[in-house]
1. Quick one: which residue in Thr308, Thr280, Thr318 is within 16 Å of Ile73 (Cα to Cα) and in contact with a helix residue (DSSP H, G or I) (Cβ under 7 Å, 6 or more places away or on another chain)?
2. Let me confirm something: among Ala256, Ala198, Ala266, which residue is farther than 22 Å from Ser97 by Cβ, buried (at least 18 other Cβ atoms within 10 Å of the Cβ), of a type in the set (A, V, I, L, M) and touching a residue at least 12 places away in the same chain (Cβ under 8 Å)?
3. Residue by residue through region 57-81, note down the ones that are of a type in the set (A, V, I, L, M) and either surrounded by fewer than 21 Cβ atoms within 10 Å (Cβ to Cβ) or under 23 Å from Val135 (Cα atoms) (or both).
4. Looking for something within 14 Å of Lys335 (Cα to Cα) and in contact (Cβ under 8 Å) with a residue 40 or more places away in the chain - is there at least one such residue anywhere in region 287-300?
5. Could you tell me which residue of region 157-186 is surrounded by the fewest Cβ atoms within 10 Å (Cβ to Cβ), considering only residues that are within 19 Å of the chain's Cα centre (by Cα) and among the β-branched types (Val, Ile, Thr)?
6. Within region 338-345, is there a residue that is of a type outside the set (Asp, Glu), out of contact with any Asp or Glu (no Cβ under 9 Å at 6 or more places or on another chain), outside the structural domain of Tyr213 (by TED's automatic domain parsing) and over 17 Å from Leu76 (Cα atoms)?
7. Look at Thr219 and say whether it is of a type outside the set (Asp, Glu), in contact with an Asp or Glu (Cβ under 6 Å, 6 or more places away or on another chain) and farther than 20 Å from Ile299 by Cα.
Amino acid sequence: MPCISHQLIFLLFMAIIMKNSPSNMFVILLQIALIFIQSLEPIVAQVGVAYGMMGDNLPTKPDVIALYKQNGIQRLRLYDPNPEALQALGGSDIEVSVGVLNADIERLASSQDEANTWVQNNIKNYPSVKFKYIVVGNEFQLQFVLSAMQNLLIAVSDAGLNQIRVTTAVHSGILGESYPPSNGVFSADVNEFITPIAKFLAIYGCPLFLNVYPYFAYTGSQGNVALDYALFNSPGIVVTDNDLGYQNLLDAMIDAFYWALEKAGAGSVEIVVSETGWPTSGGDGASLENQKNYILKLIDHVKSGLGTPKKPGKLIETYIFAMFDENQKSPEYEKFWGLFTPDQQIKYPINFA
């Protein structure tokens, strides 16, 4: 199991049964077990950035990775195992979440050999890359995802890659109800697929990746969502849900998912915000000032360690979308989510550390 080390479980078990031994073996085993615990990398409140590549004017892969390092960005989400990007990431100490392309999921779901080959080609062949997650698809049709996750879990376990977690990325639209957050529940048309996935993640201690965009909730609300609420600017509580008070929309959207996971029998699953951001142009409320406000306050919120009202103190691992504006995307507002321009200039000062 890549999410819970077999070696750690064995060492702790041996330390417990030898506790009364007159030798110092108990102390030795316990020390080794504690080293394993410290080496496991829990979800921490650090902000990463997703690296999208849908632009014909973007820097070279080595230049992009150099830009991550220059700006102290220690986590990177990669949507596919791009060989040039992975080569550039070697030895960088940047934690990498690497995606399985949606087009490959059905093939990996149907064959353990295919999953083994994928891990060999895209993970083991890059031993100096610090992989943290394999993300099976991005907002993909869920019926094939679980089998692909199971096969990849076996593949990484057999390869001895116990530090890598296997998960998938979903979007907030798979909720049938989301307001107030305690009404959060998966929609009927995906429930038969997402519930087994959620329980799988719970069993193996892996998080669920969630692409969550207050921007789209704001623009699609027909005026029912205030801009200040979406931008972390509300001076006080906007939504009260039982005894919980919400001052920003992101927390409410995350907690709606936590409620849905709980109702699906997977309340222990943690959420990683795998995409969130704000466009600078091309749509309602899209501006450089609004993006700056959202991103800087998002980072402060994540770093605060406050969590959400339902999960107070729960650190929220978060990936901002995206590193660059991408001129090959559509519609128009999809082109302007970048923190950097294609000529590698940051749009405003950001402290990622």
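The values are calculated or read from the model by the stated rules, or taken from the named source; none is laboratory data. The structure displayed is predicted, hence computed values, not measured ones. Because the Cβ atoms are built from the backbone with ideal geometry, glycine has one as well, and the counts that use them run over all protein chains shown.
1. Values: Thr308 fails: within 16 Å of Ile73 (Cα to Cα); Thr280 fails: within 16 Å of Ile73 (Cα to Cα).
Selected residue: Thr318, the only one of Thr308, Thr280, Thr318 that is within 16 Å of Ile73 (Cα to Cα) and in contact with a helix residue (DSSP H, G or I) (Cβ under 7 Å, 6 or more places away or on another chain).
2. Working: Ala198 fails: farther than 22 Å from Ser97 by Cβ; Ala266 fails: farther than 22 Å from Ser97 by Cβ.
Only one candidate passes the filter, namely Ala256.
3. Here is the first cut: in region 57-81, the ones of a type in the set (A, V, I, L, M) are 58, 64-67, 73, 76, 78.
If the condition is that a residue be of a type in the set (A, V, I, L, M) and either surrounded by fewer than 21 Cβ atoms within 10 Å (Cβ to Cβ) or under 23 Å from Val135 (Cα atoms) (or both), then Val64, Ile65, Ala66, Leu67, Ile73, Leu76, Leu78 are the ones that fit.
4. First, the residues of region 287-300 that are within 14 Å of Lys335 (Cα to Cα): 287-288, 291.
Restricting the remaining residues to those that are in contact (Cβ under 8 Å) with a residue 40 or more places away in the chain gives 288, 291.
Checked against the condition, which is being within 14 Å of Lys335 (Cα to Cα) and in contact (Cβ under 8 Å) with a residue 40 or more places away in the chain, region 287-300 yields at least one hit.
5. Ile174
6. Yes; the residues of region 338-345 include at least one that is of a type outside the set (Asp, Glu), out of contact with any Asp or Glu (no Cβ under 9 Å at 6 or more places or on another chain), outside the structural domain of Tyr213 (by TED's automatic domain parsing) and over 17 Å from Leu76 (Cα atoms).
7. Values: of a type outside the set (Asp, Glu): yes; in contact with an Asp or Glu (Cβ under 6 Å, 6 or more places away or on another chain): yes; farther than 20 Å from Ile299 by Cα: yes.
Here the answer is yes, as Thr219 does meet what is asked.
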